[in-house]
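Okay, structure first, notes after.
Every number in this text was worked out from the coordinates using simple rules, so none of it is lab data. This one's a predicted model, so the numbers in the text were calculated from it and none came from an experiment. Virtual Cβ from ideal backbone geometry, glycine too; neighbours counted across all protein chains shown.
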Amino acid sequence: MKAVEVKNLSKSFKTRIKEKGLKGSLKSLVKSEYEIKKAVNDITFDVEEGEIVAFLGPNGAGKSTTIKMLTGILERDEGDIKIMGIDPSTDRKKLAKSIGTVFGQKEQLWTHLTPYDNFKFFGSIYDVPDDEVEERIKEFNELFELDDIMNTPVRNLSLGQRIRCEIIASLIHKPKILFLDEPTIGLDPIVKDKIRYLIKKMNKEYNLTIFLTSHDIGDIQKLCERIIIINNGEIVTDDSMMEIRRKYFTKKIIKLRTNCEVDFVAKEGIDILKREEEYLKLSLDLKCLNVTDIFHLIPENEISDISVSDVSLESVIKEIYQSN
């Protein structure tokens, strides 16, 4: 069974047209005019069980609207959705038992309760028998290392500790799919790595499908094997990370330090990104030149230091946004 099946999904919103100036303000008091904006336009994609998929898009691209339809918060206008074979529109209660959600900027835990009490509370909401809840709390406590904070009110926890507890609360009923929205936002690098490690571990051990949205490029690089990009309500890219690298990582960034100021002139396949007296930062298009061609343009004995790196995934994703 596919974890997520989306076919020809569309959603529009009616928004009021605001006219500028006093005349427009007076007019709006008498009669409001509206326009229809298509937030999601005929998108289709599937997610296999056990996949970790990044669902990306700039603000206003239709990303949040899509996720709200997948989780049953919004009704779709057109198209079909199946989450573990369940239609979110017709059986939202059954859907709730198959999915978990974690939103990095929105708390679902009761802050005056301890993590333990929260986990018991969420277990009762999902009708999980007490003995099973206790077993799962013990299991997650060992995995997430919560002994020191299990009986501390959530309001007294650090952000990283709270995120770990948010994830457990979303998994207490053993869902098949976990929707993660900015799970590492605001965390320091060490805690981010810990959260990513736990997400990856749960994916492997429980065959948990992860549907991730994030603006943190580290989340995408370290967790996801596939990227879906939506822009202007339409899917513009749906590829494996490997295929995206093959298609878009066709440039190298070269940083050069020289023994003296070099009279270097850019040519086809090379862009000068930065130039100082004895320093050059270049972008090299591998479709036109090889890295070794640099030594034909700048004598090797004039180069004191050189470093070669790939373009960043962040810049590739921005390029995809801007081209659609």
At each listed q (0.21 Å⁻¹), what is the log10 of I(q)/I(0) that the Debye formula gives for the stretch 63-147 modelled as equal alpha-carbon point scatterers?
-1.07
What are the radius of gyration and Dmax of the stretch 224-307, computed over its Cα atoms and given in Å?
17.1, 53
Computed about the Cα centre, the charge dipole of the chain from +1 Lys/Arg and -1 Asp/Glu charges at the Cβ has a magnitude in debye, to the nearest 20, of 1400
Sorted by chain and then number, the residues having a modelled amide H within less than 5 Å of the amide H of M84, at least 5 places away or on another chain, are V4, E5
In debye to the nearest 20, the charge dipole size for the stretch 199-324, taken about the Cα centre with +1 at each Lys and Arg Cβ and -1 at each Asp and Glu Cβ, equals 540
Determine the relative contact order of the chain: mean sequence separation of Cα pairs under 8 Å and six or more apart, normalised by residue count, in whole percent.
19
Value of Rg to Rh for the chain (Rh from inverse mean 1/r over Cα pairs, i.e. Kirkwood)
1.08
Dipole moment magnitude, nearest 20 debye, the stretch 24-152 about Cα centre, only Lys, Arg, Asp, Glu C-beta charged
1080
Percent relative contact order of the stretch 250-308, based on C-alpha pairs within less than 8 angstrom and at least six residues apart?
47
Ranked from highest to lowest mean number of other Cβ atoms within 10 Å per residue, what is the order of the peptides 162-175, 56-69, 143-156, 114-127?
162-175, 56-69, 114-127, 143-156
State the answer as a single residue: which of N141, P175, C260 lies farthest towards the positive end of the charge dipole of the chain, with beta carbon charges of +1 for Lys and Arg and -1 for Asp and Glu, about the Cα centre.
P175
Rounded to the nearest 5, what is the percent of antiparallel bridges among the DSSP beta bridges in the stretch 155-239?
50
For the stretch 150-155, Karplus couplings with θ = phi - 60° (6.51, -1.76, 1.60), whole Hz, Gly/Pro x
4, 10, 9, x, 4, 4
Checked the stretch 122-168 with the C-alpha gyration tensor, a ≥ b ≥ c its square-rooted eigenvalues, rounded below a/c of 1.5, otherwise prolate if a/b is larger than b/c and oblate if not; verdict prolate
Relative contact order (percent, whole number), the stretch 211-284, Cα cutoff 8 Å, 6+ residue spacing
22
Given K200/K247; K68/K93; K11/K94; K38/K97, which pairs have Cα atoms separated by over 20 Å?
K200/K247; K11/K94; K38/K97
Listed by chain and number, the lysines with an alpha carbon less than 16 angstrom from that of K201, same-chain partners under 8 positions apart left out, are K174, K176, K192, K222
As a percent rounded to 5, the proportion of antiparallel DSSP bridges among beta bridges in the chain is 70
HN-Hα J couplings of the stretch 129-139 from phi, Karplus 6.51/-1.76/1.60, θ = phi - 60°, integer Hz, Gly and Pro as x?
x, 4, 5, 5, 4, 4, 5, 6, 4, 4, 4
